[in-house]
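Input: a single structure, listed below in structure tokens.
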Amino acid sequence: MAYQTIEPDEQYWNVYEHGRYERGSVLAGQSRRSFIDCYESLKEARSAYPTADVIDHSTKVHHNPLPHHAPDWFDPADAGEVWSEEDY
């Protein structure tokens, strides 16, 4: 189930939607955080997104969300791409 947050950064109040990547995505089932909009004040953000949760920190996650092993459907011949750095 998707939900929204309002988060501060250096200058603005950013609105994000949180949910899960859908089936068919390389990130299927993993957490998804999508930027929606930004506002100069919390009041403006709350007015536009009254049901969003206001938090005092960023929810950004700093890691590589790709699985270590390619999914069964991945074929490097499709576009000449590789899955991991070890394949270079």
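Just so it is clear, none of the values below were taken in a lab; they were calculated from the coordinates. This is a predicted model, so every value here is computed, not measured.
Some values worked out for this structure:
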{"item": "Within the chain, helix-based [θ] at 222 nm, where runs of 4 or more DSSP H residues each add -39,500 (n - 2.57), nearest 500", "result": "-2000 deg cm²/dmol"}
{"item": "Interchain or long-range residues, amide H under 5 Å from Gln4's placed H", "result": "His18, Asp53"}
{"item": "Distance cut-off 22 Å, percentage of C-alpha pairs in the chain lying past it", "result": "44 percent"}
{"item": "Long-range HN-HN contacts of Arg32 with modeled amide H, under 5 Å", "result": "Gly19, Arg20, Tyr21"}
{"item": "Computed over the range 3-87: relative contact order in percent, which uses C-alpha pairs under 8 Å that are six or more apart", "result": "28 percent"}
